[in-house]
Amino acid sequence: MQSFFARRTAWNLATNRYTEALEAHRRAGRELLDLTASNPTTVGLRYREEELLRALARREVLVYDPQPKGLLAAREAIADYYAERRSPVSPDDLLLTTGTSEAYSFVFRLLCDPGDAVLVPTPSYPLFDFLADLQDVTLVPYQLVYDHGWQMDFPSLQAAIGLAQATGRRCRAVLVVHPNNPTGSYAKRHEAEELHRICAANGLAIIADEVFLDYALGEESPLPFSANREALTFTLNGLSKISGLPQMKVAWIAVSGPDTLKAEALARLEVVADTYLSMNAPVQWAIPPMLEEGRGIQAQLMQRIRENLLELDAQLSAQKLCHRLAVEGGWYAVLRVPAIGSDEDLAIALLQATGVLVQPGHFYDFAADGHLVISLITPPDAFQTGMTRILKHIATAGG
């Protein structure tokens, strides 16, 4: 019988074992220590509530002023954000979107015909699979490898380009997450230069996801990809992480690269954006104070991330079975644990035996079992207790 629905949405919608275990745990009313926290609005941060609410109540929002790229005042504020990060961007090279998912959709539609390929890093965030399916884009993975720190595997990247071509697909872009989620690894300067060279030589665009850019643990802030001039580059970011405001759905695309390609990309993207005009006026007018909010939110989150990392390292130093992989930025840490079963089995066992929720590595396409992902923005008391329970359970199981 012919399906009533499109093949692009033929996902496996069955509830997986991990979700079933979590739902059963919650139905039973049992204690839950959530070490997967990703929503900054629910982890005890202090927001300037009155200032943010006033910013959403301006009289200007009553006037309809449809600008496909977004209001100039908003784009100028975002340009100032990049200027502070040593990567000047003209307001004319920015286009506002309702969240980074919409930004991905716009860029995929701009670059790809049905079946065209985009190269994506692995391990990385699982949302890309769904975004690609919805835009009829084929994802081809390239590897991030770990050797005293994460590195881009350029032979893997070149092989992925060849694989796409060998299967008759046009390879249109390379996606880089800077820093990666969940590995917390930035593209090093020499890696970015090599990526620019490969993309320019093969006629590929770069799609750079920088939503965690500002959460660097090193002394020097990494340079945004918006500084790239060699290959056509689409840099995606937004207020979800910058200002801890995911509910506002404010994001943007910064376009850079060779002048001719950049101009045509912007002209086409403007038509795409004009077709939808999806971003609402209140949040556009509020973007300048929301960006300013990021200073205080980032300071709170960085203090918590560092505090939780110190706690994690202290607990790990007192045992020998587990260790964490190097992390350079972002909100997550990857634990290397004994691979005595699948990561999903271990995550479920931890939930059922200790009440602690972690994410199994296979959610992020780690190449092998033995990885758990934990959130570093978890409230400190819950983080400390949760890690104590995790390590005790693993020690007992390993013994």
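For the chain, the number of Lys pairs separated by eight or more positions or lying on different chains, with C-alpha atoms closer than 22 Å, is 6. Taking a ≥ b ≥ c as the square roots of the eigenvalues of the Cα gyration tensor, region 76-196 is oblate, since a/c reaches 1.5 or more and a/b is not larger than b/c. Given the C-alpha centroids of region 169-221 and region 282-314, what is the distance between them in whole angstrom? Computed from Cα coordinates, the inter-centre distance equals 22 Å. For region 299-364, applying the loop criterion from DSSP together with a ceiling of 11 other beta carbons within 10 Å to the trypsin sites (Lys or Arg not before Pro) yields K320.
Applying a 10 Å radius around every beta-carbon, put 230-241, 256-267 in order of their mean neighbour count, most first. Numbers along the way, then the final one.
Working: 230-241: 25.2, 256-267: 15.5.
Result, highest mean first: 230-241, 256-267.
Around the amide H of G70, modelled in the peptide plane, lie the amide H atoms of L96, all under 5 Å away and 5 or more residues distant in sequence or on another chain. Remark: relative contact order (the chain) = 23 percent; criterion is Cα-Cα distance under 8 angstrom and separation of 6 or more residues.
About the centre of its Cα atoms, the chain shows a dipole size close to 480 debye [charges on the beta carbon of Lys, Arg (+1) and Asp, Glu (-1) only; nearest 20 debye].
When region 113-186 is described by a simple charge dipole with +1 on each Lys and Arg Cβ and -1 on each Asp and Glu Cβ, the residue from V176, G162, Y125 located farthest towards its positive end is G162. Less than 5 angstrom separates the built amide H of H323 from those of R336, all sequence-distant by 5 or more or on a different chain.
Annotation for region 40-105: chymotrypsin sites (Phe, Trp or Tyr not before Pro) lying in DSSP loop with at most 10 further Cβ atoms inside 10 Å of their Cβ are Y64.
If you fit an axis through the alpha-carbon atoms of helix 343-354 and take the longest principal axis of the Cα set of the chain, what angle between them do you get, 0 to 90°, nearest 10? Long axis of 343-354 versus the principal axis of the chain: about 60 degrees. Relative to one another, the C-alpha centroids of region 1-33 and region 54-88 are positioned 39 Å apart.
Axis angle, to the nearest 10 degrees, between helix 100-111 and the longest C-alpha principal axis of the chain: 50 degrees. Helix 380-398 and the longest principal axis of the Cα set of the chain meet at an angle near 50°.
Taking every C-alpha pair closer than 8 Å and separated by at least 6 residues, the mean separation divided by the residue count of region 67-293 gives a relative contact order of 26 percent. Mean-square fluctuations from a GNM of the chain, with a 10 angstrom spring cutoff on Cα atoms, peak among G330, G149, G70 at G149. When the label point is put 7 Å from the Cα of E20 along its Cα-to-beta-carbon vector, which residues of region 337-356 have a backbone N closer than 18 Å? Output list for this probe position: 342-353. In order along region 247-262, phi translates into HN-Hα couplings of 6, 7, 6, 10, 8, 7, 10, 9, 9, 9, x, x, 4, 5, 5, 4 Hz, rounded to whole numbers, per the Karplus curve 6.51 cos²θ - 1.76 cosθ + 1.60 with θ = phi - 60° and x for Gly and Pro. Computed over the chain, the per-residue total of -39500 (n - 2.57) for DSSP H runs of n ≥ 4 gives a 222 nm mean residue ellipticity of -13500 deg cm²/dmol, rounded to 500. Comparing L335, L134, L144 in a Gaussian network model of the chain where C-alpha atoms under 10 Å apart are linked, the largest mean-square fluctuation is found at L134. Rounded to the nearest 5, the antiparallel percentage of DSSP beta bridges internal to region 67-293 is 40%. The string of couplings for region 77-94 from the Karplus curve (6.51, -1.76, 1.60, θ = phi - 60°) is 5, 5, 4, 5, 4, 6, 4, 5, 10, 6, 9, x, 10, 6, x, 5, 9, 10 Hz, one whole number per residue in order, with x for Gly and Pro.
Taking amide H positions as modeled 1.01 Å from N, with prolines and chain starts lacking one, the residues under 5 Å from A205 and 5 or more places away or on another chain are A173, V174. Inter-label distance, E49 to L134: 3.2 nm, where each label sits 7 Å from its Cα along the C-beta direction.
About the Cα centre of region 67-293, what is the dipole size in debye to 20, counting +1 per Lys and Arg Cβ and -1 per Asp and Glu Cβ, all else neutral?
Values: 16 positive and 28 negative charges, 66 e Å.
Using Cβ point charges on Lys, Arg, Asp and Glu, region 67-293 gives about 320 debye.
How large is the Kirkwood hydrodynamic radius of region 67-293, in angstrom, based on all distinct alpha carbon pairs?
Numbers: mean 1/r = 0.0568 Å⁻¹.
About 17.6 Å, per the Kirkwood formula over Cα pairs.
Multiplying the residue separation of F5 and A159 by 0.36 nm and removing their Cα-Cα distance gives an extension gain of 52.0 nm. Summary value for region 1-135: 22 percent relative contact order, contacts being C-alpha pairs under 8 angstrom separated by 6+ residues. Normalised by 2.2 N^0.38 Å, with N the number of residues, the alpha-carbon radius of gyration of the chain equals 1.01. Here the 3J(HN,Hα) profile of region 237-246, calculated from phi with Karplus coefficients 6.51, -1.76 and 1.60 at θ = phi - 60°, is 7, x, 7, 3, 9, 3, 10, x, 10, x Hz, Gly and Pro shown as x.
Just so you know, all these numbers are worked out from the coordinates, no wet-lab data involved. Nothing here was measured: the structure is a model prediction, and the numbers come from that model. Backbone-built Cβ (ideal geometry, glycine too); neighbour counts: all protein chains shown.
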